[in-house]
1. So if I check each of 301, 318, which one is within 21 Å of residue 488 (Cβ to Cβ) and assigned to a helix (DSSP H, G or I)?
2. What number of residues within segment 661-685 satisfy the criterion of being in a helix (DSSP H, G or I) and either without any contact (Cβ under 8 Å) to a residue 12 or more places away in the chain or touching a helix residue (DSSP H, G or I) at 6+ places or on another chain (Cβ under 6 Å) (or both)?
3. Against the definition (farther than 24 Å from residue 638 by Cα and in contact (Cβ under 8 Å) with a residue 40 or more places away in the chain), how does residue 580 come out, yes or no?
4. Would you say residue 265 is touching a residue at least 24 places away in the same chain (Cβ under 8 Å) and either surrounded by fewer than 21 Cβ atoms within 10 Å (Cβ to Cβ) or at negative phi (or both)?
5. Considering only residues that are in a loop (DSSP other than H, G, I, E, B) and at pLDDT 95 or above, which ones fall in segment 404-426?
6. Take the residues in segment 566-585 that are in contact with a helix residue (DSSP H, G or I) (Cβ under 6 Å, 6 or more places away or on another chain) and not in a helix (DSSP H, G or I); name whichever of them is surrounded by the fewest Cβ atoms within 10 Å (Cβ to Cβ).
7. Among the numbered criteria (1) closer than 21 Å to residue 553 by Cβ; (2) out of contact with any helix residue (DSSP H, G or I) (no Cβ under 6 Å at 6 or more places or on another chain); (3) in a loop (DSSP other than H, G, I, E, B), which single criterion is violated by residue 650?
8. Kindly indicate the residue of segment 686-702 that is touching a residue at least 40 places away in the same chain (Cβ under 8 Å) and out of contact with any strand residue (DSSP E or B) (no Cβ under 9 Å at 6 or more places or on another chain) and also surrounded by the fewest Cβ atoms within 10 Å (Cβ to Cβ) among those meeting that condition.
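The values are calculated or read from the model by the stated rules, or taken from the named source; none is laboratory data. These numbers were taken from a predicted model, which means no experiment stands behind them. So basically every Cβ, Gly included, is an ideal-geometry build from the backbone, and we count neighbours across all protein chains shown.
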């Protein structure tokens, strides 16, 4: 027991007693008496426990026998207690309190089946035995039978209406079932009876936060902290609520207060790591996750984030030490941030399990059906929801889609939940869509009501489980049809998303089982492009970008965290075989640059043959692709936007087609460009093809000519054609719904010319 003064100890004992946790209450009273033998409050408390049982029934053993049993509880001699109580049962067969005590002892010994049977015997003897019903509810919760637990707590309240802890525990089991509004109501009922109980405010805050009522959650956590200032869990969750509001400095302060109270608490370190990661402070994020793992080596989220940071800085030595845990992370362990696992391994089956486990833990609220009936609109109302309606790769890809939507048939709503930005892409989006709705600062319930009042026909989640997700909005059914599109490269694994947008190359028949959504198969590539993207015409040379003028240039402008030793080994072998060749990479951060140079040197390659490209204006970025010879793709997480950019600029892309969605995007792009010859299936084929192209300038030139000639008519870069196909898919999904049919896989075909 923590060092507490007598007043604190007695308060804690009373709290346990009210919860029905007799063992803990008795243990505290006993410890107080061991230190202060004449403390009358502890003496009365211990006797009160005895009277509590004695008063339950007229068929009780002598008071001294009850006192002895309570003493055994306080001494945690549960097996002896069970033997003693069972011997008393033979003499007092109608004594329900004995079975209640036996049940409590079995629960302390984690024999839940025996505990359940004992409480059942007590209730059979005294059907209105409130404490036994309450204790049985605890056992059912421990077993995982939440409906039975709720029913037992309700029966306890039937016979003891003023048991605030029964209301609290009802709230807990309702929250675990995803019934958040009902859980919130239960916690408020508990507070009516126990207004000074900080743990109830804490639980209330958790349900409010999960229900999207962040302001109210912050108020609940703050009230808990007023009542119990040294409450690290409340400080930690207060920080999480502040982060949801974008109040990062306040979140950091709350996490730090939690650590001041409880220095060995891993969760605040994980949450600090999230904030540092989002703000680009990779070194601080790394240290925060590392400290969390030191404190709690089994913390799967810290392990996942740690691995991601190691990939982000290309620290492969330490990554290799930890990489054995990858297949288990988020599969056999607790849930993890699924987005970070796409680069870690190529396994669609495990990626689906991770998504499902993430959703079950993150989105505990019950998915609601769409019950509002409204008449068909003259135009389909489509709501796109995204955190990336700004200068972001997603909007670069979709800007043409929004521009080309047929406004005679579709009414487009863009719901943005990112901070206001003045960049040109966002400005253009506001001009291209009829309705731009800024929901960044709006609470979830307001957004849900707006979407439903708007009578959206289809709601599209363009963010998925990425860093700024608000996918929980879709649990409330923003529209009768809901889709997963573009932002998250895989199945979301939930029943409230009806469709995922793909194509036959992304999701072949043998991988179909790893997507819980129905597939909308577009006829070419699923990836949109804007055929009006401008490429800078500023006169530049290779030298301007730090490239040797006569070098053979392998280029990979994907994020550094996508690079694994597997493809890097191949790239280095190619450099060793092609005289004068260099590898042109995006400069992600100073640590990754230093580590990649080290890795090149370890493979016998002069680090000077690695050239790093900085961030520049997008039109100039597109122009510099033309100074490369081949774009070499990553394996687990292919080029998405960067692959399209390379092809748009006329640069051939060589990819290895993998298994999961993120590992097949390169193949999707190349099929749509008529360049299937650049798709490989194994590492050996990938390496051989790059070497063959590097040694055959004529073949490489022919590929460039093919791209230049076919680009204007290619379905990959025909934005109107893509948009019409996409709209056909939206219409088909809507027509199916109007016919009263459930979602089904849709194969979109183009009309005959």
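1. Selected residue: 301, the only one of 301, 318 that is within 21 Å of residue 488 (Cβ to Cβ) and assigned to a helix (DSSP H, G or I).
2. Step one: of segment 661-685, the residues in a helix (DSSP H, G or I) are 661-663, 665-672, 676-678, 683-685.
If we keep only those that are either without any contact (Cβ under 8 Å) to a residue 12 or more places away in the chain or touching a helix residue (DSSP H, G or I) at 6+ places or on another chain (Cβ under 6 Å) (or both) as well, we get 666, 669-670, 672, 676-678, 684.
Residues that pass the stated criteria total 8.
3. Against the criterion (farther than 24 Å from residue 638 by Cα and in contact (Cβ under 8 Å) with a residue 40 or more places away in the chain), residue 580 does not qualify.
4. yes
5. 405, 406, 407, 408, 409
6. Among residues in segment 566-585 that are in contact with a helix residue (DSSP H, G or I) (Cβ under 6 Å, 6 or more places away or on another chain) and not in a helix (DSSP H, G or I), the one surrounded by the fewest Cβ atoms within 10 Å (Cβ to Cβ) is 578.
7. (2)
8. The residue in question is 695.
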